[in-house]
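Asker: Once you've had a glance at the structure underneath, I'll fire off some questions.
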Amino acid sequence: MTEAILLVGGKGTRLRPLTVNTPKPMLPVAGVPFLTHQLVRAKDAGVHRVVFATAYKAEVFEEYFGDGSDLGLELVYVTEDVPLDTAGAIRNVADKLTSAPDEPVLVFNGDILSGVDIRALVEAHRSREADVTLHLSRVTDPRPFGLVPTDAEGWVKAFLEKPQRPEDIVTDQINAGCYVFQRRRIDEIPTGRRVSVERETFPGLLASGAKVLGVVEQSYWLDLGTPTAFAKGSADLVMGIVTSSAVPGPDEREYEEALVLAGASIAPDAVVDAGTTVGSGAVVSAGARVSASVLDTGAIIGAGARVTGSIVGRGARVGAGTVLDGAVVGDGAVIGADNELLAGARVWCGAVIPEKAVRFSSDE
Ligand code: GTP
């Protein structure tokens, strides 16, 4: 049995305006708050107790998950007075950990969708007697990420900032946001100030000669930090490209390529496909097509609208004939008929756009 820390205090700025009302880890992904998928996976891997490191919108987590008994987990919540960054947040929950100094403690970023074998990660950490073990993922384009080269035996050689030039790309291995710490290494992190795991704690451990292990695993991995990734992650869960036992059962009518939650309404000639989730009380009107998108609770899609790779917030309305592609619509926003909002467009919560008012694409 293992104890885990879940880092969920970030502001989720890249996902605004979705994160204005809801912290990123609680946004609905394939029908349930994203964290549900992570918690269920952790439990399946033998985690029995999870300490939440919260800051932004801290109260929302406990209100939803309570003591964790519904999930068969013991959940504990700690809130930072001011956000302490990733390692500061880990240190801040140390008092609530029950693990002994030489026991492993798992740490998860609250926005990573991954199929990593958590048991194997902990086992590698134990058998190699590491101080800290990181899950590393290989990506085709490492430019947006910090790089983590390892030697032939898997020991981490360096933590490199995002590459600026082609010659900086010395590896395709990136920090995948899931770690195993020896408990005593958590107690060594400075208290009461902002500390970053990637910029301070991990490089500091390397400099002091600590054993930092990288486990490269090519399972599904996606950082849900941006709108495009968020819509993709949800669609991949619905399509079974990555699996989670937390994906809820469908409404009475089965859709092959969509998750339609109870209380949603889809016109007979409307199409919902490519991993779309239609939240409860949401409406897809006649002739509309919604592909690879997330419609939150009570969202309304007008007749003949086209919605692709987009996220439509709670109770938002999309007018007849409007086209959304790679767009984000905040909770309660109203978009009139015959608008066109393409890649990168974001509509703020509660905003009202008249009909035929906008043709937006960040690509042009
Ligand atoms: P952006 O603002 O869009 O970068 O998102 P973010 O800050 O929420 O996420 P980021 O990818 O930077 O952080 C990785 C993980 O650490 C996420 O799960 C965050 O919730 C969490 N995190 C980041 N900063 C803090 C913090 O100050 N305190 C706590 N408790 N968690 C944090």
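Asker: Between Ala262 and Thr13, what length in nm is gained on full extension when 0.36 nm per residue of separation is reduced by their alpha carbon distance?
Answerer: Taking Ala262 through Thr13 to full extension adds about 86.6 nm, to one decimal.
Asker: Take Glu340, Glu217, Glu129 and order them by how many other Cβ atoms sit within 10 Å, fewest up front.
Answerer: Lowest count first: Glu129, Glu340, Glu217.
Asker: So, one more: With contacts defined as alpha carbon pairs under 8 Å and 6 or more residues apart, what's the relative contact order of the chain in percent?
Answerer: 14 percent.
Asker: Using a Cα-Cα cut-off of under 19 Å, which lysines could be cross-linked to Lys57, ignoring same-chain neighbours fewer than 8 residues away?
Answerer: Lys11, Lys24
Asker: Also, quick follow-up: Under the 0.36 nm per residue contour assumption, what length would be gained going from the current alpha-carbon distance of Ser127 and Ala100 to full extension?
Answerer: 8.0 nm
Asker: Sorted by packing (mean other beta-carbon atoms within 10 Å per residue), highest first, where do 163-173, 74-84 land?
Answerer: Result, highest mean Cβ count within 10 Å first: 74-84, 163-173.
Asker: Any idea which of Ala246, Gly336, Thr276 is furthest toward the positive side of the dipole for the chain, if Lys and Arg beta-carbons carry +1 and Asp and Glu beta-carbons -1?
Answerer: The residue sitting farthest along the positive end of the dipole is Gly336.
Asker: Also: Taking the mean number of other Cβ atoms within 10 Å as a proxy for protection, how do you rank 200-206, 42-48 from highest to lowest?
Answerer: Ranking, from highest mean packing down: 200-206, 42-48.
Asker: Magnitude of the Cβ-charge dipole of the range 128-236, K/R +1 and D/E -1, about the Cα centre, nearest 20 debye?
Answerer: 300 debye
Asker: For Ser285, Ser245, what ranking results if the residue with the fewest other Cβ atoms within 10 Å of its Cβ goes first?
Answerer: Arranged by neighbour count, lowest to highest, Ser285, Ser245 become Ser245, Ser285.
Asker: When only Cα pairs under 8 Å and 6 or more residues apart are kept, what is the percent relative contact order across the range 229-345?
Answerer: Computed value for the range 229-345: 17 percent relative contact order.
Each reported figure results from applying straightforward, stated rules to the coordinates on display, with no laboratory input. No experiment lies behind these values; they were computed from the predicted model shown. Glycine also receives a Cβ, built like all others from the backbone with ideal geometry; neighbour counts cover every protein chain displayed.
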